[in-house]
Structure formats: structure tokens, C-alpha cells
Amino acid sequence: QVQLVESGGGLVQAGGSLRLSCAASGRTIRSYSMAWFRQVPGMQREFVVGISRSGTRTSYADSVKGRFSISRDAAKNTMYLQMNSLRPEDTAVYYCAADDGGNSMYIPLSRNEYESWGQGTQVTVSS
């Protein structure tokens, strides 16, 4: 349905910051709950943070609480992931995802609940 394109990944030193963007097209992001996932070689794609369709509820993985922040700008049809105090273990390919199901306050936590995915953007944190 909705098309998603991530950008903003790159190489950053530990302790640094990076902001990822997920530009949506075809449909308004107001119709979707959205999330960021990340994946490293040999591991499952894991949930990082999500935002409800209403835009008023968020859910963060314990590993990123206090460091990462999700937001959306419906006027620009774009979702963002602000990453601060980055650690080497944050190194991964980051994907944005969207789900059109559930009520306006629901935040899916499983990758299988999302129907639309971006192509991913690489984030590398060096020591």
C-alpha cells in the first residue's frame, strides 16, 4: 500500500547522534501505526520503537529508552528516528514499517504485523 523510503544512515562515533527519516508516499501516515526495526547479520529483525496511528502513543525497546525518540510530521508525510548517545551495539540496518490495522492507539510489536517496509538504511557506530 504505502511506499516507504528510509534515509539518514551513516557512520558515527560512539556517543554521537544521527537522525533517520522515513518518507511515505501513496497514502497519508495518519492512516498507519508505524515503527522502526533493526537487523544485524545472523539475527532476527527486532523492534526498536513504534508510534500509534493516532500519533499520541509510543513504545520503545528497553535497549533504546532514553536515547532514541520517534516522531512524525503528518504534513510532510514523514516519520523520524532521533538517535542520541549511540553505542557500537546500535550498529544495524534500520527499517521503517507501517501497519493499517488495529485501533488508533494500538502499536504492533511483531514484524509480522506490518504490511509495508522500506529498503533499510545502514547505521554504523564505531568505537
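When Gln122 is tested against (1) open to solvent by less than 70 Å² (accessible area, probe 1.4 Å); (2) assigned to a strand (DSSP E or B); (3) polar (S, T, N, Q), only condition (1) is not met. Candidates are the residues of the range 44-85 that are in contact (Cβ under 8 Å) with a residue 40 or more places away in the chain and aliphatic (A, V, I, L, M); the one that is surrounded by the fewest Cβ atoms within 10 Å (Cβ to Cβ) is Ala74. Pull up the range 89-106, narrow it to residues that are touching a Lys or Arg at 6+ places or on another chain (Cβ under 6 Å) and modelled with pLDDT of 95 or more, then point me to the one that is nearest to Leu11 (Cα to Cα). Among them, the one singled out is Ala92. Of the residues Pro88, Pro41, Pro108, only one is open to solvent by 50 Å² or more (accessible area, probe 1.4 Å), in contact with a strand residue (DSSP E or B) (Cβ under 6 Å, 6 or more places away or on another chain) and more than 14 Å from Val2 (Cα to Cα); which? Among Pro88, Pro41, Pro108, only Pro88 is open to solvent by 50 Å² or more (accessible area, probe 1.4 Å), in contact with a strand residue (DSSP E or B) (Cβ under 6 Å, 6 or more places away or on another chain) and more than 14 Å from Val2 (Cα to Cα). If you check Leu109, Leu86, Leu81 for being assigned to a loop (DSSP other than H, G, I, E, B) and touching a Leu at 6+ places or on another chain (Cβ under 8 Å), only one passes: Leu86. Scanning the range 1-15 for residues that are among the aliphatic types (A, V, I, L, M), open to solvent by 40 Å² or more (accessible area, probe 1.4 Å) and assigned to a strand (DSSP E or B) gives Val5, Leu11.
Of the residues screened, Leu18 is one that is buried (at least 20 other Cβ atoms within 10 Å of the Cβ) and within 28 Å of Ser126 (Cα to Cα). Within the range 21-37, the set of residues being in contact with a Phe, Trp or Tyr (Cβ under 7 Å, 6 or more places away or on another chain) and surrounded by 22 or more Cβ atoms within 10 Å (Cβ to Cβ) comprises Ser33, Ala35, Trp36, Phe37.
The values are calculated or read from the model by the stated rules, or taken from the named source; none is laboratory data. Small disclaimer: the values here were computed from a predicted structure and weren't measured. For neighbour counting, all protein chains shown are included, and Cβ atoms are generated from backbone atoms with ideal geometry for every residue, glycine included. Side chains are part of the model used for accessible areas, which takes the heavy atoms of the whole protein and leaves out ligands, DNA and RNA. Shrake-Rupley method; radii C 1.70, N 1.55, O 1.52, S 1.80 Å.
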